[in-house]
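**Q** Okay, here's the structure, questions in a sec.
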Amino acid sequence: MGRHADPTAPRRNAPLPLLIAAGVVVLLVAGGLVWWLTGSETCEVRETVDVTVAPELGPLAEDLLAEPVELDGGLCASAEVTAQQPLQTVGDLAALEGEALPDVWVPDSSLWAARAGSAALEPVGSLASSPVVLATSRDAVEALGWAEEAPGWAAALAGEQALAVPDLATSAEGLAALAAVRGALGGGEDADNAVVQAVLAAQRGPAVSAADGLASGRDGGADAPLVPVSEQEVYETNQEAEGSALTAVYPAEGSPWLDYPVLRVGSPSGDAAAAVEAIVERLTSDAARAAALDAGFRDPDGSAPADADEAGIQQEAPAEVELDPAAVQALLARLSSLASPSRILAAFDVSTSMEAPVGDGTRATLARDAAKATLSLVPGDYALGLWAFAYQLENGQDWTSLVPTRELDAAVDGRSQREILDSQLDTIPDRLTPGGTGLYDTTLAAVRAARSDYDPTAVNSVLVLTDGTNEDDEGGISLENLLITLAAEANPERPVKVIGVALGPDADLAALEQIAEATGGEAYSAVDPADLQTVLFDALRQRG
């Protein structure tokens, strides 16, 4: 994580007493010009503290931690802030080594800490809070009669108003809202069934994403759907859109609260521990809480922003609906079981171009780490297999099978498929070959292999990750013939879609897009290395 002196970090000038102003002339004459130009050095050693926050906290955290914190003995703590979806951080905590992890993590909810398993996390305070509400338009609130009397959670989500349920794998708000419904109905099997029915009803209606639902509420109209979101998102939307009609509905039982916990990760020592403590103190300070209030969050004591009424939210804090993390986990598992599992054959490029440097590693190590983190997140009933490919990689062909496609929970010789894949992913950087990229032949072979290994109860896909273009021009299939062949061999009873991931600026995204279109799949671009895990996780969950 780079805990060392940082010569590029901003410097802070020490005050110069007036009484020694005359001495400056002497210093300049004596060769002190460099001191005059750069300022006195109060930070002899800089410790970099890696801070990962939920995306909505990104600008707030950047502002709070823009300046280094001066400690004793010439030590300064400088923060490097990364905004990341909490689910991705959960994956990192499960898959990556300590040096690749943040020192401080601020997700939107303590529910994520419960999902992080045995990770070394220590709660040390809270940066902000925000209740979960149902966002919709003012017109819808009036039409439903909720302006005079708020509905209960169960009545609101089981009514006739359309429901835009966020992705439950990634949204603490959506999951908390459904958990509130379960709690309002008394818990137990009947409550679980009611929640499942609400989700199924939402899936059977017209597909409305949470983002589209918020846009509909912002634009007005009595048919705007209900969207479980944080109160702060309603505030921010209304601040950014003049004349927005979006408003927050506070169900009668109260709301689950996002508590934005500040979590210390791992057990640093010495100067590193002092630096982490300094950053934690700044994130939990009165100044931090005031800044959060200005950004539309509530103070941990429930105080609302001064302009709450004009921003579509109420001044009074709703009662808190307590959530049991274990019950929420069980509910998530129940809801996840509603979706068809995925069956994916993943093919990773191991051509020489994957040696290109990225950050502290290479494209190959980046792909390995992102894939391992993503692997830790997907459910056990997913089936995954792994190929490596490059031009004439093995016995004249461009691909080799590393792990057959099996369910992740399947046991093979005392090891789970997940463990086998994890260990094989570790070998990717060592498999790089001087050859080019055999993209088209590999893609066709992978689609044929996936079709021959088809599971009618699952969504069957081929995931191809490459950083280059097809270089198998002698004897290999062309893009035109590949597209023709894929169309000719397509079987509506055994559909296999191709999900292409273009890693870096040199990857042939245009070819991947044509292949994806021909198979009903999707193509993704990960030019920014920080995007790769997001892209991979979305690709693995792509339902088509």
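**Q** For residues that are assigned to a loop (DSSP other than H, G, I, E, B), out of contact with any Ser or Thr (no Cβ under 7 Å at 6 or more places or on another chain), closer than 28 Å to residue 77 by Cβ and of a type in the set (A, V, I, L, M, F, W, C), tally how many sit in the range 283-309.
**A** 1
**Q** Something else now. Of the conditions (1) at pLDDT below 85; (2) surrounded by 18 or more Cβ atoms within 10 Å (Cβ to Cβ); (3) under 22 Å from the mean Cα position of the chain (by Cα), residue 199 fails just one. Which one is it?
**A** (3)
**Q** From the list 298, 289, which residue is farther than 19 Å from residue 132 by Cβ and of a type in the set (Lys, Arg)?
**A** Of the residues listed, the single one that is farther than 19 Å from residue 132 by Cβ and of a type in the set (Lys, Arg) is 289.
**Q** Let me ask something additional. For the range 413-443, name all the residues that are assigned to a loop (DSSP other than H, G, I, E, B) and either without any contact (Cβ under 8 Å) to a residue 24 or more places away in the chain or surrounded by fewer than 16 Cβ atoms within 10 Å (Cβ to Cβ) (or both).
**A** Passing the criteria: 413, 414, 427, 434.
**Q** Another question, then. Out of 125, 145, 183, report the one residue that is buried (at least 17 other Cβ atoms within 10 Å of the Cβ), over 19 Å from residue 323 (Cβ atoms) and either out of contact with any helix residue (DSSP H, G or I) (no Cβ under 9 Å at 6 or more places or on another chain) or in contact (Cβ under 8 Å) with a residue 60 or more places away in the chain (or both).
**A** The match here is 125.
**Q** Quick check on residue 375: is it closer than 23 Å to residue 500 by Cβ and touching a strand residue (DSSP E or B) at 6+ places or on another chain (Cβ under 6 Å)?
**A** So residue 375 fails the test.
**Q** Looking at residue 298, is it assigned by TED's automatic domain parsing to the domain that holds residue 72 and of a type in the set (D, E, K, R)?
**A** Criteria not met by residue 298.
**Q** Select from the range 232-243 the residues that are of a type outside the set (D, E, K, R) and surrounded by fewer than 21 Cβ atoms within 10 Å (Cβ to Cβ) and list them in ascending order.
**A** Scanning the range 232-243 gives 237, 239, 241, 243.
**Q** Working carefully through the options 244, 216, 267, find the one that is part of a helix (DSSP H, G or I) and at pLDDT below 95.
**A** 216
**Q** Follow-up. Restricting attention to the range 469-525, which residues are more than 15 Å from residue 437 (Cβ to Cβ) and among the hydrophobic types (A, V, I, L, M, F, W, C)?
**A** 483, 484, 486, 487, 488, 490, 496, 498, 499, 516, 518, 523
**Q** What are the residue pairs meeting all of these: first residue in the range 287-301, first residue farther than 16 Å from residue 317 by Cα, second residue at pLDDT 95 or above and surrounded by fewer than 12 Cβ atoms within 10 Å (Cβ to Cβ), Cβ atoms under 6 Å, and 6 or more apart or on different chains?
**A** none
**Q** Is there a residue in the range 496-518 that is surrounded by fewer than 18 Cβ atoms within 10 Å (Cβ to Cβ) and either in contact with a Lys or Arg (Cβ under 9 Å, 6 or more places away or on another chain) or closer than 16 Å to residue 398 by Cβ (or both)?
**A** Checking the range 496-518: not a single residue is surrounded by fewer than 18 Cβ atoms within 10 Å (Cβ to Cβ) and either in contact with a Lys or Arg (Cβ under 9 Å, 6 or more places away or on another chain) or closer than 16 Å to residue 398 by Cβ (or both).
**Q** Read through the list (1) out of contact with any helix residue (DSSP H, G or I) (no Cβ under 7 Å at 6 or more places or on another chain); (2) under 30 Å from residue 358 (Cβ atoms); (3) touching a residue at least 40 places away in the same chain (Cβ under 8 Å); (4) in a helix (DSSP H, G or I), then give the number of the only condition that residue 516 fails.
**A** (3)
**Q** Report those strands (runs of 3 or more DSSP E) wholly inside the range 86-146 carrying at least 3 residues which are farther than 30 Å from residue 215 by Cα and not aliphatic (A, V, I, L, M).
**A** Once the strands (runs of 3 or more DSSP E) in the range 86-146 are filtered for at least 3 residues that are farther than 30 Å from residue 215 by Cα and not aliphatic (A, V, I, L, M), what remains is 121-126.
The values are calculated or read from the model by the stated rules, or taken from the named source; none is laboratory data. All of these numbers come straight from a predicted model, not from anything done at the bench. Neighbour counts are summed over all protein chains in view; Cβ atoms, including those assigned to glycine, are modelled from backbone coordinates with ideal geometry.
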